[in-house]
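Comments concern the structure below.
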């Protein structure tokens, strides 16, 4: 997608389980959004929960004892500039509340949300409006288009709010229209477009203001499967072209694996696991995540890092060479047609070897 899946992680695996798993991958890109100890509690005297023994109660126990619901519980994570960060969970897990807390569409109960080191929880009304106008943009599930405005005017709406002159905002809106593949539809109205086309308009509107962070709140869940796939591919293409930081909310594992550079899994308001797609599939943190990824084809997600083994004294070391971040399915032809083990090499260093036995064991699963 963007090269962000390829990292400097040092992971040595057997065919079925990790023998050494490094810390989550790091990137040279700086952190743009740093979330620390974030809580959102709904109910009476919600501010008495975080930092007290009540915080240790389960969601059900907290509800019974206090009448409060902890929608987000002590969430801490960091998003790097240019990253596609996916938040995934079932309905009621707190993922949509979390993303709304990040933009203060919902006010957090406790914790910090640092944008480039500045806590936006401390922002006043004027500063918050500027953040939403210029640095943040959101793409919603139900499009949120203005039905009485043409497509071009919908795209230009955020620029109009910013006070940009008509000629400049229409020029920018036309560029975004072309970028999302809707050239020629500027004079149309939303109800004249299909659902997928309307979502492209919403995406163009978000991109028009040139935000630093794009938030997607389950934007494709109402679309038909084929249109949904097309829109996922569109997000991948746009990320490759514009390189925006994206925080994407979904309940769909396949969508998360397809789009995410890293994935955060939530349950009952809490964070269960954060990792790259191959880390979530290859080393699930608990039974909840394990059940989530049970039906995933591991060969389509895991890389050669997960199945390579140390070379033995009998292994010839002049076989084909592949990188450690090559996905297993993309290595099958090379490995199975080689008459000697494939060498897994990074920066000139031999990390391990992969033979047909390692490949076939993963495929057989």
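The values are calculated or read from the model by the stated rules, or taken from the named source; none is laboratory data. Everything numeric here is computed off the predicted structure, so don't read it as measured data. Every residue, glycine among them, receives a Cβ derived from its backbone with ideal geometry; neighbour counts consider all protein chains shown.
Residues of region 27-45 that are under 29 Å from the mean Cα position of the chain (by Cα) and within 21 Å of residue 104 (Cβ to Cβ): 31, 32, 33, 34, 35, 36, 37, 38, 39, 40, 41, 42. Applying the set (1) within 21 Å of residue 95 (Cβ to Cβ); (2) in contact with a strand residue (DSSP E or B) (Cβ under 7 Å, 6 or more places away or on another chain); (3) part of a helix (DSSP H, G or I) to residue 358 leaves exactly one unmet item: (1).
Residue count for region 196-209 under the criterion of being over 19 Å from the mean Cα position of the chain (by Cα) and without any contact (Cβ under 8 Å) to a residue 40 or more places away in the chain: the result is 2. Counting only helices (runs of 4 or more DSSP H) that sit completely within region 155-253, those holding 3 or more residues that are in the same structural domain as residue 144 (by TED's automatic domain parsing) and more than 30 Å from residue 34 (Cα to Cα) correspond to 166-179, 195-208, 225-242. Counting only residues that are surrounded by fewer than 19 Cβ atoms within 10 Å (Cβ to Cβ) and either in contact (Cβ under 8 Å) with a residue 60 or more places away in the chain or not in a loop (DSSP other than H, G, I, E, B) (or both), region 47-57 holds 6 of them. Scanning region 137-150 for residues that are modelled with pLDDT of 90 or more and under 17 Å from residue 235 (Cα atoms) yields a single hit, 137.
What residue, among those in region 311-325 that are outside any strand (DSSP E or B) and touching a strand residue (DSSP E or B) at 6+ places or on another chain (Cβ under 6 Å), is nearest to residue 278 (Cα to Cα)? Taking the candidates together, the pick is 325.
Candidates 70, 60: the one that is surrounded by 24 or more Cβ atoms within 10 Å (Cβ to Cβ), not in a loop (DSSP other than H, G, I, E, B) and not assigned by TED's automatic domain parsing to the domain that holds residue 254 is 70. Does region 287-302 include one or more residues that are more than 25 Å from residue 140 (Cβ to Cβ) and part of a strand (DSSP E or B)? There is no residue in region 287-302 that is more than 25 Å from residue 140 (Cβ to Cβ) and part of a strand (DSSP E or B). Selection of region 321-346 for residues being more than 9 Å from residue 304 (Cβ to Cβ) and under 28 Å from the mean Cα position of the chain (by Cα) yields 329, 330, 332, 346. Of the residues 140, 136, which is surrounded by fewer than 20 Cβ atoms within 10 Å (Cβ to Cβ), assigned by TED's automatic domain parsing to the domain that holds residue 224, over 30 Å from residue 58 (Cβ atoms) and in contact (Cβ under 8 Å) with a residue 40 or more places away in the chain? The match here is 140. Among 12, 103, 26, which is the only one that is at pLDDT below 95, surrounded by fewer than 16 Cβ atoms within 10 Å (Cβ to Cβ) and touching a strand residue (DSSP E or B) at 6+ places or on another chain (Cβ under 9 Å)? Of 12, 103, 26, the one residue that is at pLDDT below 95, surrounded by fewer than 16 Cβ atoms within 10 Å (Cβ to Cβ) and touching a strand residue (DSSP E or B) at 6+ places or on another chain (Cβ under 9 Å) is 26. Residue 339 fulfils the conditions (1) free of Cβ contacts under 8 Å to residues at least 60 places away in the same chain; (2) touching a strand residue (DSSP E or B) at 6+ places or on another chain (Cβ under 6 Å) except for a single criterion, (2).
Inspection of region 279-286 finds no residue satisfying the criterion of being under 11 Å from the mean Cα position of the chain (by Cα) and within 30 Å of residue 55 (Cβ to Cβ). Scanning region 165-177 for any residue that is surrounded by 17 or more Cβ atoms within 10 Å (Cβ to Cβ), closer than 17 Å to residue 247 by Cβ and touching a helix residue (DSSP H, G or I) at 6+ places or on another chain (Cβ under 8 Å) turns up nothing.
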